[in-house]
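All remarks here apply to the structure that follows.
We did not get these values from a lab; they are worked out from the coordinates using the rules stated. Because the structure is a prediction, the values reported are computed rather than measured. Quick reminder, even Gly has a Cβ in these numbers, built from the backbone with ideal geometry, and neighbours come from all protein chains shown.
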Amino acid sequence: MLTLPLVRNLFIGGPLRDEVIIDAHMHIGKYYNFLIPSTGVAAVIENAKRIGITRLYGSSLLSLRNDAIAGNNMVIEAHKAYPGVFFPYLVVKPNYAEETRDILDLAEREHTKQFKIHDDGNGIPFDHKNYIPLYEYADQIGAVILAHTYGEMHVAPLIKVAMQFKSVKILLGHSGITDEDAYYLAARSCPNIFLETCNSLAWYGLIERLVKKAGADRICFGTDMPFMSPDQQIGRILGARISDEDKRRILGLNALEVFPKKL
């Protein structure tokens, strides 16, 4: 189902043109156990534009394991440097209540409505009480939360969160990486849960199964740059045996509806 209008530049090495391509899951900065030669936001944006991605939602890798405050300030500055192109996720780590409050204050000052949660370095489940201030604030403003997931152990608590905080839109990062049925259950059970495609394991037929069992309107495209190549990640969508209409929804049209209209 690869029709010429959607991929007319793909085979000659050019970007996809006249399409809405939005990366809902990427990062800037360095990470402690990965070699990332080009860590600056400019290099990542240039790499994205090379294949036609024109809007990126990203968190700071510094925030995920080390210094949430410094990393969050980094993505705020990146947004100011590239308004309309780069949009920040503020990482909330649940270890310190006072730090969470500071991050929510930063979000309010900067009019940011995207957050990222990840249990790397703390192991606290996503339905733990320490996350409640984030969820309450996100519910009040209709925010988007991107959650790192690896199957049932992450998805099950997030279903409970989504059912309690119905105005929060939750993106399940790396959907289908393992325990596929948990992701389909989440999408069917909670209208405010959406699946996200970036994956280091490209299971055969996964994109087709996500569309069939969750619906193309519940899936957003992500690359996980700079960990993974955007070429490989977008190729999984373009090469899937689904309609061009479904591909367009996944690659960007859904994200237009999921993310806040204004920052």
Item checked: Rounded tilt (10° steps) of 97-110 against the dominant C-alpha axis of the chain -> 60 degrees
Notebook entry, point to check: In segment 103-138, which GluC sites (Glu not before Pro) fall in coil by DSSP and have 14 or fewer other Cβ atoms within 10 Å?
Noted result: none
Next item on the list: Could you please state, rounded to a whole Å, how far the C-alpha centre of segment 33-100 is from the C-alpha centre of segment 231-255?
Entry: 24 Å
Check: For the chain, what is the charge dipole size about the Cα centre, in debye to the nearest 20, if Lys and Arg each add +1 at the Cβ and Asp and Glu each add -1 at the Cβ?
Finding: 580 debye
Next item on the list: Scan segment 137-245 for chymotrypsin sites (Phe, Trp or Tyr not before Pro) in coil per DSSP, keeping those whose Cβ has at most 16 other Cβ atoms within 10 Å, and list them by number.
Entry: TYR150, TRP203, TYR204, PHE227
Next item on the list: Rank these for me by crowding, TYR135, TYR32, going from fewest to most other beta carbons within 10 Å.
Entry: TYR32, TYR135
Check: Using modelled backbone amide H atoms (1.01 Å from N, in-plane), which distant-in-sequence or interchain residues come within less than 5 Å of LEU16's amide H?
Finding: GLY52
Item checked: Along the chain, longest interval not containing exposed trypsin sites (Lys or Arg not before Pro), exposed being DSSP loop plus at most 16 other Cβ atoms within 10 Å -> 51-165
Item checked: the chain: angle of helix 180-189 to the longest principal axis, Cα-based, in degrees nearest 10 -> 70 degrees
Next item on the list: List every residue whose amide H lies under 5 Å from the amide H of PHE194, counting only residues 5 or more places away in sequence or on a different chain, with H placed 1.01 Å from N in the peptide plane.
Entry: ILE170, LEU171, LEU172
Next item on the list: Could you check which residue among PRO157, PRO37, PRO133 shows the biggest mean-square fluctuation in a GNM of the chain with a 10 Å Cα cutoff?
Entry: PRO37
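Exposure proxy check: CYS220, CYS190 ranked by fewest other beta carbons within 10 Å?
CYS190, CYS220
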Checklist line | Angle in degrees between helix 132-141 and the longest Cα principal axis of the chain, rounded to the nearest 10 | finding: 60 degrees
Note to self: Please give the Cα centre distance for segment 209-223 versus segment 127-142, rounded to the nearest Å.
What the structure shows: 25 Å
Margin query: Can you sort HIS154, HIS111, HIS27 from fewest to most other Cβ atoms within 10 Å of each residue's own Cβ?
Written below: HIS111, HIS154, HIS27
Check: Quick one: Karplus J couplings for segment 195-204, per residue in order, coefficients 6.51, -1.76, 1.60, θ = phi - 60°, nearest Hz, x for Gly and Pro?
Finding: 9, 10, 8, 4, 7, 7, 10, 8, 4, 4
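Starting from the Kirkwood radius over alpha-carbon pairs of segment 4-258, derive D by Stokes-Einstein at 4 °C in a medium of 1.567 mPa s and give it in µm² s⁻¹.
Translational D for this selection: 71 µm²/s.
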